Each structure stands twice: as C-alpha cells, then as structure tokens.
Amino acid sequence: MDDILKNDKGWRFQLGLLRGASPVIDLIGSVVLFGIFWVYLRSSLALPPPLNDIDIGAGGFPRLLALATLVAIVAMAISAIYRLLDRVPVSWVSVRRPVSVALTTGLLILQSVYFEQLGALPCVLLFGLLTMLACGERRVLHLIGVPIALAAFIYVVFVLALHVNLP
Amino acid sequence: MLANLALGFSAFGDPMVWGALVFGALVGYLIGAIPGLGPSLGVALLIPFTYGVDPVVSIVGLVALYAAAEYGGAITAVLINSPGTAAAVATAWDGYPLTQQGRAGEALTVSIISSGVGIFVSTGLLILTAVPLSEFALNFGPGEYFGLALVGLSLVAGLSDGSPIKGMVAMGIGLAMATIGLDVQIGVPRFTGGNYELFEGLPLVPVLLGLYALSEVLFMIEEGASAKIKSAAVGGLASIPYKAVKGLKVVIVRSSLLGYVIGVIPGAGASIASFVSYAVTKRFSKKPELFGKGSLEGVAASEAANNSAVAGAMAPLLALGIPGSATTAVMIGALMVQGIQPGPLLFTRTPEIPYTVFASLWIGVPVMIFIGLAGARIWAKVANIPRPAIAAIVAGICYVGAYSSETTMFPVHVMTACGIMGYVLRKLGVPLAPIILAMVLGEMMETNFRRALISNQGEWDIFYTSPMTVILLLIALLAFAVPGIAALRARRARAEKA
C-alpha cells in the first residue's frame with residue numbers, strides 16, 4: 001500500500017474531498033461483493049434439493065447465478081489489479097463534502113428508524129430542514145419555508161387526495 | 001387494431017385522464033429541466049402518487065412524464081448549456097451556440113417541434129410494430145422466453161456506462177435480489193434470514209425509490225448549495241420559424257426513424273439515439289461546418305431522435321414485457337403496482353392499456369409542445385432551484401412514498417438500505433439500470449429457465465437445439481463480448497500512447 005501511495009495511486013484526504021484511485025476502490029468493492037456472493041452461494045447450497053430429477057430445485061438457479069457473478073467479480077478484481085500495474089494514469093473516485101454525505105447518510109437511517117414514532121409530517125419537517133442544512137443551505141427563510149411547503153403538499157396529496165393513513 | 005385504437009382514444013373522454021396528461025407533462029418538464037434528475041427518477045417519484053388511482057389514468061401520467069422529461073432536458077441545454085438529461089447533450093452542442101448568437105427562441109422552437117414530430121412519427125411506428133411483435137412472441141416457449149429476458153438484460157448491462165464486467169456484476173446483484181422470498185414453484189423461503197416480511201420478495205417500489213431517487217439525494221449533498229446559473233434572454237418564442245422548420249423536415253423524419261430503431265434495442269436508449277442521429281445528420285448535411293457552432297439541423301437531429309427513442313423503448317416493454325431502458329424498467333414496476341403485466345398477452349387481455357399509451361403519446365404531442373413553448377422561460381429558471389431544496393423534497397417524497405406503498409415500515413427500511421447501496425454502487429461505477437431490470441425480470445427468467453428444463457425432462461440441450469434460443473443466447477453473449485473487447489482495445493491504445 002505504501003508503494004501505491006508513493007506512486008500517487010492510493011488514498012488522499014483533503015478538507016471537503018475524499019478520493020481514492022479507481023482501481024483501489026474497485027479492488028475493495030470486489031472483495032466486499034465477493035464476500036456477499038460467497039455467502040449467497042453457501043445459502044443457495046443449503047436450500048432443499050429438487051423434488052424430482054427433472055427440476056433443479058429452489059437452489060439451482062441461485063447457484064448458477066452466484067457462480068456467474070463470482071466469476072464476474074473476480075474479473076472485476078483482475079481488471080483493477082491490471083489497471084494498477086498499467087502505465088495508463090489511473091482515474092479517481094471522489095466524494096466531495098464527505099462529512100456532509102456521512103451526516104446525511106446518518107440522517108436517512110435515523111429517519112427510517114423514527115419515521116413511525118415521530119410521525120410522517122413532523123419527520124418531513126425535521127429531516128427536510130436537517131437535509132437542507134447538510135446540503136449547505138443557510139438562508140433561514142428557505143430552511144423554514146421549503147419543509148413547511150413540502151409537508152403541506154404531502155398532506156394534501158397523500159392524506160386528503162389519496163387517503164393514505166400516514167403515521 | 002382500429003377498434004382498439006378508438007378504445008385508447010376514448011379514454012380521453014375522462015377529464016381525469018386529461019388531468020394526468022397535463023400533470024405528468026408539467027412534472028416531466030420540471031424533472032427534465034433540472035440537470036442531474038432524469039426521467040427514471042421522475043417516474044420512480046411519481047409511482048407513489050398513483051396508488052389507488054385508475055390504471056389508465058396512472059399510465060397516461062407516467063408516459064406523459066417520461067416523454068416530457070426528454071423534451072425538458074433540451075430547454076436547459078439550449079439556454080444555459082446544461083443538459084437536463086444525458087440525451088440532451090448533443091442538443092447543447094448546437095443549441096447553446098445559437099443562444100449565444102441571440103437565436104435562443106428559434107433554437108427552442110425547433111427543438112420542441114422536432115421533439116413533437118419525433119414522438120408523433122415513432123408512435124405510428126410503435127403501433128405498426130408492437131402488435132405484430134406481441135403476436136410473434138405468443139409462439140415463444142419457456143426456452144425462448146428465458147433467452148429473450150437474458151438478451152434484454154445483457155444488452156442493458158453490456159451497453160450501460162462503465163465496463164461490461166461491472167454491468168454483469170450489476171445484473172448478478174439484481175437477479176440475486178429477485179431470488180429473495182418464497183420460491184415460486186415449491187414455496188421454499190430463500191435468503192429471507194427468517195424475516196417473514198421478505199417472504200413475498202423485496203418490494204419493487206421502495207427498491208426503485210431507493211436506488212434512483214434517494215441515492216441521488218446523497219449526490220446532491222456532495223454538490224452542496226450550487227451557484228445560480230445565468231440564463232439567457234429568450235425571445236421570439238411566439239413566432240414559429242416556418243421556413244427553418246420546413247427546411248428541416250427531412251432531418252426530422254430521418255432522425256425520428258433512426259431514433260425509433262435505436263430505441264427498440266434494449267440498452268441503447270435516447271442518448272445513443274441522439275448521438276448517432278447527430279453524427280448521421282452531420283454526415284449528410286450541406287453545411288457540416290456549422291455543426292458545433294450553432295446548427296439548427298444539429299438541434300433538430302438530436303431532439304427528434306431522443307424523443308423518438310421514447311416510443312421505441314415502449315415496443316419491447318409492451319409487446320414482450322422486456323424493458324429496454326432504465327426508465328421503462330421503472331415503468332414496468334409502476335405497471336406491476338397497478339396489477340398490469342406487460343407482455344404479449346397485454347394486447348389480448350387488456351387492450352385498453354397499450355392502446356391508451358399509444359393515444360396518449362399522440363394526444364400528448366400538442367399538449368407538450370404548448371406547455372414547452374409557453375413555459376420555456378419558466379423551465380429555464382427551474383435549473384436554478386436550489387439543490388438543498390430539491391434534496392429535501394426528493395427525500396421527503398421517497399419516505400412518504402415508500403411508507404404509503406404498504407403502510408408499514410418495512411418498505412421504508414428497504415428503501416433506505418437501497419438508497420445507500422445505490423450511492424455506493426454508483427461510486428464504484430456499477431450501473432443501476434441492470435439491477436432494476438434484473439429485479440423486474442428475475443422471476444420470469446428463473447421460472448422460464450426451470451420450465452424449459454422440466455419440459456425437456458431435465459435435459460439441458462433445450463438451450464442449444466432450438467434455433468431461436470441459440471440466436472438469443474448468442475446475442476446475449478455478444479452483448480458483453482463486443483463492448484468488452486472494444487474497451488480492452490481502447491485501453492491498449494491509451495497504454496501505447498502513454
């Protein structure tokens with residue numbers, strides 16, 4: 001990894017920007033996906049056998065699928081290694097404003113956890129405001145006005161027009 | 001056919017259908033004019049608004065949105081050099097230079113009229129081809145159906161942005177997601193982890209909302225509060241440049257035909273249609289030197305083709321049940337929510353659905369041209385809606401829409417997970433369209449694969465003895481091999497240069 005860093009093909013963290021070499025990201029992604037599909041393959045092998053000889057059973061198709069996808073993932077990893085060693089300059093994958101992205105991801109998870117307890121409209125108001133703040137909005141009128149207008153729109157369309165029972 | 005077409009037009013006796021058409025067109029323009037938001041996201045966001053609404057009304061709204069979003073992308077491309085959709089990139093090449101020359105009104109009028117003619121011509125072709133295609137598909141056996149689904153998937157995965165290998169991985173992810181739930185033939189739970197809510201499989205609408213809409217929110221967060229874009233003054237919209245349009249009729253008709261043919265090919269879509277049509281028009285133009293510097297021919301070619309591809313993409317969707325693009329994959333999800341299963345039987349069991357689609361595409365043309373021309377100044381300003389506001393609106397509709405799909409929290413959790421997954425996968429360069437397509441086609445593929453084997457007493461030769469199946473499987477193979485080899489060659493050429 002040190003060599004990779006020395007060769008300007010590794011990670012770099014700057015304020016407001018997180019970026020990594022595309023082949024390195026692909027390699028990490030391949031490892032994660034390989035793990036997921038390995039578990040998927042093992043689960044498919046554990047499924048009951050077919051009821052008769054002419055069928056492949058519940059696990060037959062997933063097994064074939066897992067094997068084909070594992071081959072594709074290995075090919076993705078090989079391609080990433082090839083690109084790392086190649087003379088062609090690597091491309092970069094960047095995440096701008098990584099702290100805001102991480103915060104918003106947390107907000108989305110929180111919203112999905114507390115959506116029912118807080119209620120749909122209070123959730124839209126609160127998380128709408130927080131999402132706008134995370135996105136860099138600082139104008140008070142916009143921060144207040146947009147969530148209120150959105151909540152009103154949702155109330156009119158979903159509750160009054162479509163008769164959806166929102167929490 | 002004429003009786004069924006009359007049935008389709010008769011749907012417009014209902015004011016609700018007109019309302020859906022206008023609403024869909026307005027939302028489509030709005031979505032299309034905002035750079036970064038495409039028709040796929042628009043259709044996904046509109047699905048929650050169709051719960052409990054009559055299927056015909058819903059489908060008219062969705063089709064209008066799809067077509068208008070493709071129109072809308074051109075407006076910002078012409079006025080501020082910021083294509084609202086990928087298919088409008090070629091429009092910006094000549095549209096914006098025309099704006100800089102003070103001919104924005106002329107460029108917009110030509111783009112909107114070309115779009116309208118594109119849709120009109122291609123809808124005629126759609127009617128002529130979709131019905132025979134569906135009748136031909138009625139003769140397909142399970143082996144052919146499996147091959148057909150694989151071809152649709154492979155073409156979308158192989159031709160999508162990024163490497164074909166990643167397209168294949170995306171296809172695997174989507175198919176794996178489709179296998180979650182009870183096995184369709186013997187009822188065994190698969191990959192559910194004991195969660196009974198997964199027994200019916202992953203709910204499609206929350207997956208669509210998560211992958212396409214919620215992941216986009218995270219990309220908007222990355223962009224932050226963007227600066228205002230200065231819009232050019234738009235003049236001369238009221239006057240249609242008849243002379244200019246008359247001189248472009250060959251270009252418009254040729255591009256419409258080309259756009260339709262390319263649109264029918266799964267995976268090709270509106271962007272490729274507009275680029276190919278632009279290149280062909282430049283090749284045959286008497287003034288090729290004007291291309292890229294402000295050619296009305298360039299604008300007309302791109303717009304007629306990309307809008308024509310909308311009707312083209314509808315052909316495999318309606319006739320075969322195979323969506324050929326990301327937007328039609330989302331659309332098939334919307335149809336399924338309404339209990340409609342596209343495919344050959346759609347034309348015999350519920351002819352009012354496909355024929356209403358045809359009628360709405362035709363009736364929608366003048367409506368969309370009017371909305372486009374009358375509101376051009378407004379649509380140009382839409383690109384300036386602050387990103388934070390759009391992010392909050394999209395996220396809010398996603399959560400409420402996901403909850404409304406089953407009025408439980410399970411779809412909300414699925415959507416959040418898919419949103420984060422969609423963001424990570426897009427960062428990895430894994431395309432989302434094959435995932436959605438695979439999820440939609442997964443069950444059909446597996447069922448036909450197993451049926452084919454059972455009908456052949458478990459012998460695998462059914463996949464290489466039927467000529468049609470062999471052809472389809474070969475096309476599927478080539479869909480990965482050809483772009484893969486091309487990418488490898490391009491890389492070698494770059495390496496030699498370096």
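The values are calculated or read from the model by the stated rules, or taken from the named source; none is laboratory data. Model, not experiment: these values are computed from the prediction. Every residue, glycine among them, receives a Cβ derived from its backbone with ideal geometry; neighbour counts consider all protein chains shown.
Here are some notes:
- In this structure, A:Val24 does not qualify as more than 9 Å from every other protein chain (Cβ to nearest Cβ) and free of Cβ contacts under 8 Å to residues at least 40 places away in the same chain.
- Residue within the stretch B:85-92 that is touching a Leu at 6+ places or on another chain (Cβ under 6 Å) and either among the charged types (D, E, K, R) or under 26 Å from B:Ser255 (Cβ atoms) (or both) present: no
- Residues in the stretch B:395-447 that are more than 10 Å from chain A (Cβ to nearest Cβ) and of a type in the set (Gly, Ala, Ser) were compared, and the one that is surrounded by the fewest Cβ atoms within 10 Å (Cβ to Cβ) is B:Gly422.
- You will find that of B:Thr408, B:Thr416, the residue that is closer than 18 Å to B:Pro203 by Cα and assigned to a loop (DSSP other than H, G, I, E, B) is B:Thr408 and no other.
- So B:Ala452, is it part of a helix (DSSP H, G or I), among the small types (Gly, Ala, Ser) and under 29 Å from the mean Cα position of the chain (by Cα): no
- Residues of the stretch B:304-326 satisfying the condition of being among the polar types (S, T, N, Q) and either surrounded by fewer than 24 Cβ atoms within 10 Å (Cβ to Cβ) or modelled with pLDDT under 85 (or both): B:Ser325
- Scanning the stretch B:383-394 for residues that are part of a helix (DSSP H, G or I) and at the interface with another protein chain (Cβ under 7 Å from one of its Cβ atoms) yields B:Arg387, B:Pro388, B:Ala389, B:Ala391, B:Ala392, B:Ile393.
- Entry remark, the stretch A:57-68: residues being surrounded by fewer than 20 Cβ atoms within 10 Å (Cβ to Cβ), within 7 Å of another protein chain (Cβ to nearest Cβ) and either more than 26 Å from the chain's Cα centre (by Cα) or of a type in the set (Val, Ile, Thr) (or both) number 0 in total.
- Selection within the stretch A:86-117 - among the small types (Gly, Ala, Ser) and either under 30 Å from A:Leu166 (Cβ atoms) or in contact with a Ser or Thr (Cβ under 8 Å, 6 or more places away or on another chain) (or both): A:Ser91, A:Ser100, A:Ala102, A:Gly106, A:Ser112
- Those helices (runs of 4 or more DSSP H) of the stretch A:69-167 in which at least 1 residues are more than 8 Å from chain B (Cβ to nearest Cβ) and either under 30 Å from A:Ser22 (Cβ atoms) or touching an Asp or Glu at 6+ places or on another chain (Cβ under 7 Å) (or both), considering only elements entirely within it, cover A:98-118, A:140-154.
- Counting only helices (runs of 4 or more DSSP H) that fall entirely inside the stretch B:29-142 and contain at least 3 residues that are within 23 Å of B:Phe9 (Cα to Cα) and either free of Cβ contacts under 8 Å to residues at least 60 places away in the same chain or among the small types (Gly, Ala, Ser) (or both), the qualifying elements are B:55-80, B:104-137.
- Boolean, B:Val430 is on the phi < 0 side of the Ramachandran plot and either in contact with a Ser or Thr (Cβ under 7 Å, 6 or more places away or on another chain) or assigned to a helix (DSSP H, G or I) (or both): no
- Positions within the stretch B:265-303 being farther than 26 Å from B:Gln101 by Cα and crowded, with 24+ Cβ neighbours inside 10 Å, in sequence order: B:Pro266, B:Gly267, B:Gly269, B:Ala270, B:Ala273
- Here is the figure for the stretch B:359-392: residues that are aromatic (Phe, Trp, Tyr) and touching a residue at least 12 places away in the same chain (Cβ under 8 Å) total 2.
- Matching residues in the stretch B:151-172 - criterion: being assigned to a helix (DSSP H, G or I) and surrounded by fewer than 23 Cβ atoms within 10 Å (Cβ to Cβ): B:Leu159
- Residues (under 21 Å from the mean Cα position of the chain (by Cα) and not β-branched (Val, Ile, Thr)) located in the stretch B:384-401: B:Cys398, B:Gly401
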